[in-house]
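Undergrad: Next up is a structure, given as structure tokens.
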Amino acid sequence: MFNKELVKFADTEEYIIRGGRDKFSLLKDAFKGIKKIGVIGWGSQAPAQAQNLRDSIAEAGMDIKVAIGLRPDSPSWTEAEATGFSKKNGTLGEVFEVIADSDFVILLISDAAQARGPRSPTHRRSRTPCALPSRQSASTGLLNSRQADESYSLCFAAVCRPSSTHACWPR
């Protein structure tokens, strides 16, 4: 569906998928069967990625809800509301409620919070979790640690740099 490109960073090589508006036509197939995407956390990358995902899905003409999962006492709750996510319209809620109600989960809580908490909040889900790690080290570690574990299915993994706007996909 998406073409991988081999790129070289210093002395390592990695495969990437370049984003862009020309990929919007592929989103319907990429998210086939997905009705709700839960974005867990609101750290340095979640605001940009959640808003960009919401806007890209809308522009592609898809009916998929993007919901933010936070602790009820999180200071980020009002920040998420300021960008249009709300409990009333089902796009903002408590972490485990959002996970349970989502078909696809993007985990963007900080590395420190992940280390303090359970291995992943997705462990409470009955459906297969999917994660978008927030850092390259987390992404590489997750992929390497999961390769031999066939009981875990990683649907999608990517690394996006934080930005001052909510543009994670190159435009």
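Undergrad: Rg (Å, one decimal) plus Dmax (Å, integer) for the alpha carbons of segment 2-114?
TA: Cα-based Rg and Dmax for segment 2-114 come out at 15.5, 49 Å.
Undergrad: Please list the non-local residues whose amide H lies under 5 Å from the amide H of E94, H modeled 1.01 Å from N, same-chain partners needing a gap of 5 or more.
TA: Under 5 Å from the amide H of E94 lie the amide H atoms of L70, each far enough along the sequence or on another chain.
Undergrad: Let me check against my output: what whole-number percent is the relative contact order of segment 1-92, with C-alpha pairs under 8 Å and at least 6 apart?
TA: 23
Undergrad: When the accessible area of segment 1-49 is split by element with a 1.4 Å probe, what percent falls to carbon and sulfur?
TA: Whole-percent figure for carbon plus sulfur exposure: 50.
Undergrad: Counting only the heavy atoms of the protein chains, how much of R21 is accessible to a 1.4 Å probe, in Å² to the nearest 10?
TA: Its accessible surface works out to 110 Å², give or take rounding.
Undergrad: Mind jotting down the three principal axis lengths of segment 32-98 based on Cα atoms? Whole angstrom, largest first.
TA: Largest first, segment 32-98 extends 33, 22, 18 Å along its Cα principal axes.
Undergrad: Hey, which of these cross-link pairs are over 27 Å Cα-Cα: K35/K88; K8/K32; K4/K87; K23/K65; K23/K87; K8/K65?
TA: K8/K32; K4/K87; K23/K87; K8/K65, as the Cα separations exceed 27 Å there.
The values are calculated or read from the model by the stated rules, or taken from the named source; none is laboratory data. If you're wondering where the values come from, they're calculated on a predicted model, not measured in any experiment. These area figures cover heavy atoms from the full protein model, side chains too; ligands, DNA and RNA do not enter into them. Shrake-Rupley method; radii C 1.70, N 1.55, O 1.52, S 1.80 Å.
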